[in-house]
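Trainee: Below you'll find the structure I mean.
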Amino acid sequence: MQNFFRRLFRRPAPSRESSSQPEAQSFVPDHSPDTVSPQAGATPVTTANDTLPPPETVPAPAEQPAAPATATPGEAASAAVQQQQAELPLQTPAQAKGPAQLAATVVQAVKSVVAPDALIINGKPQTTNEIAQRQQRDRSAFGEDLWGISNDQRAAALNAEKLQRLGLPVLGSEQDLADLLGITLGRLRWFTYDKAADTTWHYVRYTIPKRSGGERVILAPKAELKALQRKVLSEIVGKAPVALAAHGFVPGKSTVTNARQHVGKQVIVKLDLKDFFPSITFARVRGMLIALGYPFAVAAALALLCTEYDREEFERNGKRYFISVGPRHLVQGAPTSPTLANLVAWNLDRRLMGLAKARGFSYTRYADDLVFSGDDPEAARKLRVLAERIIRDEHFAVNRSKTKISRQSARQIVTGMVVNQQVGTPRTLRRQLRAILHNAEKEGLAAQNRDQRKDFGAYLQGMIAYVNAGNPKHAAKLKADLAKIQGK
């Protein structure tokens with residue numbers, strides 16, 4: 001007991017080893033600030049070596065003299081406690097509780113110290129041996145999709161240092177991923193086993209018409225899978241840094257922030273990526289996750305959880321099958337797809353930003369819409385040719401029918417906003433809204449609901465909010481007119 005209290009309330013003399021330890025620092029990306037930025041909500045990962053004291057832990061006091069050699073163990077302990085209590089200012093609840101509870105608090109803090117080689121995974125320390133034991137239970141095969149697996153990818157190991165630097169959770173095994181998602185390992189494997197022909201499908205397929213003609217295939221995940229994908233988005237991929245040029249599906253950015261980068265420019269070049277989500281295959285997603293620092297098994301499971309085939313229903317011998325059509329890829333309808341697409345397109349954005357900067361142009365991307373703007377119309381065509389070459393190098397394709405170069409003498413539109421002189425919605429949209437409100441004042445809102453929308457008033461409020469996002473002055477009278485009509 002005497003030795004315990006001596007160690008508890010006495011600060012040892014500083015050694016060379018302890019004085020050389022750097023202080024824990026918050027996460028700072030090691031990339032250039034004009035290239036990428038962490039998404040909102042990213043938080044640093046604390047390692048075992050960065051463990052901070054709990055809020056109620058008392059700071060170490062000044063070194064106290066040892067008890068006299070003639071004192072009994074009980075007297076020495078009592079004297080140390082009394083001196084500690086008298087000299088420390090009562091600043092925290094822990095200090096005000098008294099020596100007994102203070103000692104319990106410190107003992108608890110001592111118990112929380114983990115081994116030097118341990119990593120904090122899902123809030124708990126795991127040593128190198130424990131991680132290795134869990135990895136022995138990982139799968140080496142994940143079904144029938146073997147395309148694109150190199151020996152380097154199969155041998156990819158956990159890079160905890162890189163994950164921590166990027167602010168991503170450290171996951172060393174499939175069991176760690178299952179624990180993070182709050183499901184059993186068996187349930188995770190049921191969702192992440194690749195079958196080109198399956199009797200169960202975790203998605204609902206439907207189509208919607210495209211404005212340019214044709215149909216857009218939507219694969220909506222069913223309830224349990226969607227919940228898992230949302231957790232993957234919030235806890236893992238949503239914390240990864242994306243290129244500054246990306247404005248689509250990035251917290252704090254929108255079509256307005258995208259358009260604002262191109263206001264008042266002499267020339268605007270717009271390119272469109274063909275089949276953006278379908279071109280990002282399972283293998284590309286898995287490779288990107290490995291590049292972030294995840295081991296092969298975790299990267300493969302995550303990629304399978306967030307990608308899917310388009311499938312056709314087929315019946316044979318009275319049994320229904322869902323047969324895959326084409327490669328497994330990101331699908332429209334999954335909550336993780338936009339963010340994963342931004343991460344896969346990181347190198348594309350980086351190269352196109354460099355191209356634009358070298359020629360005095362600005363570059364942004366909103367999903368599959370790429371926009372360049374500058375004040376040198378003669379350089380615009382050469383820029384387009386070079387950009388298309390980079391796009392092909394990065395394994396994307398250009399939809400030539402949507403390529404457009406517009407001068408300032410004509411109306412310049414970027415992601416639905418006019419940007420010739422200032423950001424604003426097209427005049428035709430504002431005129432249409434004014435006409436609807438003018439007629440509704442005479443005939444009522446219901447008479448103007450020609451498309452039979454469920455809540456026409458809410459629809460109009462949303463359209464006016466869209467106008468307001470572009471230019472609040474344009475929306476002021478529309479807001480007042482709608483409020484007047486709804487107040488009748």
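Trainee: Modelling each spin label as a point 7 Å along the Cα-to-Cβ direction, I'd like the Lys195/Gln461 distance in nm, to one decimal.
Mentor: For the pair Lys195/Gln461, the computed spacing is 4.6 nm.
Trainee: Once you keep just the Cα pairs under 8 angstrom separated by 6 or more residues, what percentage relative contact order results for region 109-268?
Mentor: 17 percent
Trainee: Arrange the peptides 313-319, 120-126, 370-376, 134-140 so that the one whose residues have, on average, the most other Cβ atoms within 10 Å appears first.
Mentor: 370-376, 120-126, 134-140, 313-319
Trainee: Just reorder Glu174, Glu130 by solvent-accessible area, largest first, 1.4 Å probe, all chains present.
Mentor: In descending accessible area the options line up as Glu130, Glu174.
Trainee: Between Lys357 and Gln422, take the C-beta separation as r, use R0 = 22 Å, and let me know the FRET efficiency to the nearest 0.05.
Mentor: Plugging the Cβ-Cβ distance into 1/(1 + (r/R0)^6) gives 0.35.
Trainee: Roughly speaking, to the nearest percent, how much of region 127-193's 1.4 Å accessible area is carbon and sulfur?
Mentor: Its accessible area is 46 percent carbon and sulfur atoms.
Trainee: What are the residues whose amide H is under 5 Å from the amide H of Gln412, where those residues sit 5 or more places off or on another chain and H is modelled from the backbone?
Mentor: Under 5 Å from the amide H of Gln412: Val419, Asn420.
Trainee: Dipole of region 136-265 (Lys/Arg Cβ +1, Asp/Glu Cβ -1, origin at the Cα centre): which of Leu233, Leu181, Leu244 lies farthest to the positive side?
Mentor: Checking the options against the dipole of region 136-265, the answer is Leu244.
Trainee: Counting only other residues whose beta carbon sits under 14 Å from that of Thr255, what net charge do I get with K and R as +1, D and E as -1?
Mentor: The answer is +2.
Trainee: Another question, if that's okay. Spin-label point model (7 Å from Cα, Cβ direction): what's the Asn151 to Gln408 distance in nm?
Mentor: Simple spin-label model gives 5.8 nm for this pair.
Trainee: Counting alpha carbon pairs within less than 8 Å and at least 6 residues apart, what relative contact order, in whole percent, applies to region 359-470?
Mentor: Worked out over region 359-470, it gives 14 percent.
Trainee: Here's another thing I want to ask about it. With a point put 7 Å past each Cα toward its Cβ, work out how far Arg137 is from Val385 in nm, to one decimal.
Mentor: The answer from the label model is 5.9 nm.
Trainee: Tell me which residues come under 5 Å, amide H to amide H, from Tyr203 once H is placed; ignore anything under 5 positions away on its chain.
Mentor: Lys222
Trainee: Same structure, new question: Report the paramagnetic label zone for Asn347: residues of region 367-410 whose backbone N is under 15 Å from a point 7 Å from Cα along the Cα-to-Cβ axis.
Mentor: Within reach of a label on Asn347: 390-397.
Trainee: Of Lys382/Lys404; Lys239/Lys270; Lys270/Lys402; Lys270/Lys382; Lys195/Lys319; Lys265/Lys404, which pairs sit farther than 18 Å apart, going by alpha carbon to alpha carbon?
Mentor: From Lys382/Lys404; Lys239/Lys270; Lys270/Lys402; Lys270/Lys382; Lys195/Lys319; Lys265/Lys404, over 18 Å: Lys239/Lys270.
Trainee: Whole-Hz ³J(HN,Hα) for each residue in region 276-285, computed from phi via Karplus 6.51 cos²θ - 1.76 cosθ + 1.60 with θ = phi - 60°, x for glycine and proline: what do you get?
Mentor: Rounded to whole hertz, the list is 4, 5, x, 6, 9, 7, 3, 5, 5, 5.
Trainee: Efficiency by 1/(1 + (r/R0)^6): what FRET value for Asp451 and Arg211, r their Cβ-Cβ distance, R0 = 22 Å, to the nearest 0.05?
Mentor: Rounded to the nearest 0.05, the efficiency is 0.90.
Trainee: Right, something else. Check which residues have an amide H placed less than 5 Å from Tyr321's amide H, if you skip close sequence neighbours.
Mentor: For Tyr321, the qualifying residues are Phe314, Glu315, Arg316.
Trainee: A follow-up question, please. Which links in Lys226/Lys484; Lys442/Lys477; Lys222/Lys454; Lys442/Lys473; Lys231/Lys473 stretch past 29 Å when you go from one Cα to the other?
Mentor: Violating the 29 Å limit, Cα to Cα: Lys226/Lys484; Lys231/Lys473.
Trainee: Could you derive backbone 3J(HN,Hα) for region 313-326 from the dihedral phi with the Karplus parameters 6.51, -1.76 and 1.60 (θ = phi - 60°), listing whole Hz in sequence and x where the residue is Gly or Pro?
Mentor: Taking θ as phi minus 60°, the curve returns 7, 9, 10, 9, 6, x, 10, 8, 10, 10, 9, 6, 10, x Hz for region 313-326.
Trainee: Can you find, among Leu271, Ala300, Gly333, the residue sitting farthest towards the positive end of the charge dipole of region 257-346, where Lys and Arg contribute +1 and Asp and Glu -1 at Cβ?
Mentor: Of the options given, the answer is Leu271.
The values are calculated or read from the model by the stated rules, or taken from the named source; none is laboratory data. Just so we're clear, the structure is a prediction, and the values are computed from it rather than from any experiment. Every residue, glycine among them, receives a Cβ derived from its backbone with ideal geometry; neighbour counts consider all protein chains shown. Only protein heavy atoms, including side chains, enter the accessible area calculation; ligands, DNA and RNA are left aside. Shrake-Rupley method; radii C 1.70, N 1.55, O 1.52, S 1.80 Å.
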